[in-house]
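The values are calculated or read from the model by the stated rules, or taken from the named source; none is laboratory data. Source: prediction; values computed, not measured. Counting neighbours? That spans all protein chains shown, and the Cβs are built from the backbone with ideal geometry, glycine included.
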Amino acid sequence: MAKPGYRNEGLEKYLNEIGSRVVAESGIPSDRYHFGKLVLQSLKDDPDFVMQTDGGTGESETNGSVLKRSIRCVACFKKLGLKTGDVIILMGTNHLDQAIPFYAALFEGIIIAGIDRTLGVNELKDVFTANKPKLIFCQKDKVQDSKKAIELAGGDGKVISYDSSPDTISFSDMMGKYGEDSNVQDYRAADFDSEETTALIVATSGSTGMPKAAILTHKNISLSSTYFGCFGTKFPRITKSCLVVSPIQWFSALVHYLLGPVFQYSRVQTSAELTNDHIFEMINKYKPTLLATSPPMMISLLKDAETKDCDFSHFDLLMIGGSAVPENLITKLSMKAPKAKLANGYGMSEAGGLIFYPFDVPLGSCGRPLAHMQYKLVNVETGAEIKEPHKTGELWVKAPGGVRGYYNYPVETAEVITEDGWYKSGDLHYRDEDGHYYFVERIKLLLKYRNHQISPVELEAVIHKLPGVVNVAVSGIPDPECGELPVAFVVPRPGAGLTEKDVEDIVKEFNFETRMGKPGYINEELVKYMNEIGSRVVAESGIPSDRYHFGKLILQSLKDDPDFVMQTDGGTGESETNGSVLKRSIRCVACFKKLGLKTGDVIILMGANNLDQAIPFYAALFEGIIIAGVDRTLGVNELKDVFTATKPKLIFCQSDKVQESEKAKELAGADGKVINYDNSPDAISFSDMMGKYGEDRNVQDYKAADFDAEETIALIVATSGSTGMPKSAILTHKNYAITGVYFDMFGTTFPGITKSCIVVSPIQWFSASIHYLLGPIFQYSRIQSSAEMTTEHIVEMINKYKPTFLATSPPMIISLLKEAETRECDFSHFEVLMVGGSAVPEHLMTKLRSKAPKAKLGNGYGMSEAGGLIFYPFDVPFGSCGRPFAHMEYKLMNVETGEEVKEPHKTGELWVKAPGGIWGYYNYPAETAEVITEDGWYKSGDLHYRDEDGNYFFVERIKLLLKYRNHQISPVELEAVIHKLPGVLNVAVTGVPDPDCGDLPIAFVVPRPGAGLTEKDVENIVKENLTDSKLLRGGVVFLEEMPLLPTSKLDRKTLKQMAAALAKKD
């Protein structure tokens, strides 16, 4: 939680540049905060830029025209006796004239107050009594109300009508009567102390009490409000245009009047009544790129968009705030605007705008701290500061320039601002371990039922899960005995048949003591797309289980887009289309049949990732032949064990493995035929096999084999073997069709979920074979290589082919990031980066985020045995490996007692069930029986815990736990501590066997070159952070590189052998 707050250095640099130019001209240092002068300079810089468009009339106006009219308005103000510190009220619609007094006031240090134009006379009287305005700008329908309210308030303000009214002077007449044309370049804005001078008094919501106006100085706006543009990457011109759907009194409108000129984006607004239909017209016509609005407004727009055309595709940014944001709203919005950055924008008028940086944070969080703000959470009852994560307290903040409170409301100001300048927000929040903040509730909105406090926001979030609910709000009915009885006001979806009982039941069913039972993640678009392909296949074959027949699903996909480039060999530069792969794979089917292969037989793929490797792969899938990827670095005896277990009919390999494969086959008593991908005198080549046994067939006529896709094995996939004997997990066609496809759950549009993946693992590992399976289905290309997979070669392929998706292990990412320190490696085009296969250090994700700021990062926790990813790895707290999928079942089990662990933050072994079942290990019945219970639960061997929201956190492999005396020690925990040393590139901890103590922890460390790291540094950081039992009694060993398995995972077995060898030396 102590990590630095977010800063946008580009934004600050740009504002400093403008500020420096202003100060250079005026000679007044504080003018860097004079927002009138900053706007003035920006308008002069680009007079032809279209600042504002009225969607009601179709009229537009440039910076130059606005500037000329605003300077003329300054002359009006002076002739009417206004001076710095006076107040004007803006109470019009968002027409083009509204901006003119706004900017004129900013230039001259006159205070702007936007006021709700729906207020009645008595409410206006209260406002005018507090604000004492000198001028009131309004539409003609408010002229008489305003005049009467001034009289009741004892004020002397003059009413100006934007349109023509017989009861007062119009805006155009004022400009004609009092205005003066002057040379724009000669005009100088007023000098005043911008650190103290009030720029705006901004309406607070008044949703829980009397509306008040928050004071914002020019300095507040310059330092805090400008961070509304924190999403910008290029300055100026952070976006093309915004759509303003709020009236002038709200910050969500004012901020665009302030920032549009400075950051050079246009305002699309309207003088017409702001109906949903009108908003849709403006969205479709003007194609704005930025919209900031409230949850009710967005819910209303999405509801109407179900039946009306509204193109959200051009939005770059959609920010929702002002009240609690339901998670399902963000999900729906992501489907409607898949390219937009979505943000839960938590702001305070009192502090000048956004309080947190709302991007790249877990779903449900309102953001992480901004560097220019100060924060603390305070226990409402005791007043003590809360420093622990996941504990709720009132949010207090400090903003640069100070929080000034409410204009002419000294009592109310004193209630919310402490003597040392902290602003008490009145909002309950909690923080997670990474400092992300989560809104809980407004303190004033909490209901009190008997001795319980009830959050309306929590109840609303539950009720929002009902598909028939458009919107909901919860309040309390006063009750003399119980306090407040919760009541739900619900807007039902027309035709949904929602009943009161439905609403009552979903609340009843929800367990408020723990949210771990909430529904798992489901990608509805993915499921819908798979159902569409499956339905087409079933419609042709008439076999219901064919919806899971992965061979037929791929066959259909290849036929659908024959010209799509499926695969590229980065070693040779060659590429191949779907059509070519399909034609060759069907020819390979003929080879299999002539060589006597049938459904259920096994072929082994043991080649490099050349273009030919895919051909027997797809041919086997079509025909129900089992694919076994095998490590091509295995020796004869290891291959003999593999061949004994799998009994392969064909073995595809490179020429350097032909003789060893023949010998291993002989030792195993197998009769399989060896096929050589390149040329070897000792075996038939792949091309010769295709020529000798293959047959050309019409692609459209070919029909894949019929078999039971629910039971038939598709692949047997190598498990890592990092802690024991490598085995091959059984995966059926159904396993892949339901679970395997969720490897690509990040997709929002199907097919074409991403452009291309880079494959850096050999074929035997799930992280490679999954792309052979999913690439054709979801239409993304594979970038692979037949050359040796060195870090240098991977970097070359990244730079040349610009892949958008990479899934690999922490050691491989560490290697790539190290390589990127000394040579160019462009990560900017990656859309998705998934790291998994072993524990993922937090610092690694941080470095990766800085290298690939636009990519979705996921800590991908998967199991070969279960068919792929086990959790949804995105939008979760930092350090979590994800939240549950809807198609999986999960439980945590106490390793010692065998009882289920249901409480949050308690560790247990993860057990899972997958659709289609978990089948265990191919021809390893004893090992299968050890890990699969009679009722079908798979024991993962991994320790996890859950938080209150059901996010899972990996703790350790049970087999890797060290036992020192009576203590269990987690290598992962030690590694995480040692990783904090800047001089550590990589680290792995294991145990040195000791007859008296059990395991003595030893750290194998790869130091960063030139860092000067010592063994003592490593020992000390462990000593300073962990208990005595966890000290590195086995020592510290420096290595040039870690021993890795072919998958690029850490080879812990070798490390254990190294540690044992050290023990023998001693």
For the stretch 111-205, which helices (runs of 4 or more DSSP H) that fit wholly inside it have 2 or more residues that are closer than 28 Å to Gly64 by Cβ and of a type outside the set (A, V, I, L, M)?
-> 171-178
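In the list Tyr861, Tyr872, which residue meets the criterion of being touching a Lys or Arg at 6+ places or on another chain (Cβ under 7 Å) and crowded, with 21+ Cβ neighbours inside 10 Å? Spell out how you get there, then give the answer.
Numbers: Tyr861 fails: touching a Lys or Arg at 6+ places or on another chain (Cβ under 7 Å).
Answer to the check: Tyr872.
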Where Ile115 falls short, out of the listed (1) buried (at least 23 other Cβ atoms within 10 Å of the Cβ); (2) over 23 Å from Leu259 (Cβ atoms); (3) modelled with pLDDT under 95; (4) within 44 Å of the chain's Cα centre (by Cα) = (2)
Hey, does the stretch 809-822 have a residue that's farther than 21 Å from Val840 by Cβ and out of contact with any Lys or Arg (no Cβ under 8 Å at 6 or more places or on another chain)?
-> yes
Residues of the stretch 980-1012 satisfying the condition of being under 22 Å from Ile813 (Cα atoms), touching a strand residue (DSSP E or B) at 6+ places or on another chain (Cβ under 6 Å) and in a loop (DSSP other than H, G, I, E, B) = Gly983, Arg1008
Pick from Gln764, Gln779: which is assigned by TED's automatic domain parsing to the domain that holds Val565, in contact with a Pro (Cβ under 8 Å, 6 or more places away or on another chain) and either surrounded by 20 or more Cβ atoms within 10 Å (Cβ to Cβ) or of a type in the set (Lys, Arg) (or both)?
-> Gln764
Select from the stretch 475-487 the residues that are among the hydrophobic types (A, V, I, L, M, F, W, C) and touching a residue at least 24 places away in the same chain (Cβ under 8 Å) and list them in ascending order.
-> Cys482, Leu485
Determine whether the stretch 550-572 contains at least one residue that is modelled with pLDDT of 95 or more, in contact with a Gly (Cβ under 8 Å, 6 or more places away or on another chain), surrounded by fewer than 19 Cβ atoms within 10 Å (Cβ to Cβ) and of a type in the set (A, V, I, L, M).
-> no
Of the listed residues (Ala461, Ala414), the one being outside any strand (DSSP E or B) and surrounded by 20 or more Cβ atoms within 10 Å (Cβ to Cβ) is Ala461
Pick out the one residue from Thr790, Thr804, Thr732 that is farther than 19 Å from Ile615 by Cβ and without any contact (Cβ under 8 Å) to a residue 24 or more places away in the chain.
-> Thr790
Quick check, is Ser222 in contact with a helix residue (DSSP H, G or I) (Cβ under 6 Å, 6 or more places away or on another chain), within 30 Å of Glu12 (Cβ to Cβ) and of a type in the set (S, T, N, Q)?
-> yes
Before we move on, is Lys657 among the basic types (Lys, Arg) and closer than 14 Å to Gly607 by Cβ?
-> yes
Boolean, Lys818 is surrounded by fewer than 24 Cβ atoms within 10 Å (Cβ to Cβ), in contact with a strand residue (DSSP E or B) (Cβ under 7 Å, 6 or more places away or on another chain) and of a type in the set (D, E, K, R) = yes
Mind checking whether some residue in the stretch 272-289 is in the same structural domain as Ile18 (by TED's automatic domain parsing), buried (at least 20 other Cβ atoms within 10 Å of the Cβ) and of a type in the set (D, E, K, R)?
-> no
Where Pro480 falls short, out of the listed (1) within 28 Å of the chain's Cα centre (by Cα); (2) more than 23 Å from Leu377 (Cβ to Cβ) = (1)
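Determine if the stretch 1018-1031 includes at least one residue that is touching a Ser or Thr at 6+ places or on another chain (Cβ under 8 Å), part of a loop (DSSP other than H, G, I, E, B), surrounded by fewer than 18 Cβ atoms within 10 Å (Cβ to Cβ) and modelled with pLDDT under 80.
no
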Would you be able to tell me the number of residues in the stretch 831-845 that are more than 14 Å from the chain's Cα centre (by Cα) and either assigned to a helix (DSSP H, G or I) or over 21 Å from Ser767 (Cα atoms) (or both)?
-> 3
Starting from residues that are of a type in the set (S, T, N, Q) and in a loop (DSSP other than H, G, I, E, B), keep the ones in the stretch 507-544 and report whichever is modelled with the lowest pLDDT.
-> Thr514
Just a yes or no: is a residue in the stretch 360-375 outside any loop (DSSP other than H, G, I, E, B) and over 19 Å from the mean Cα position of the chain (by Cα)?
-> yes
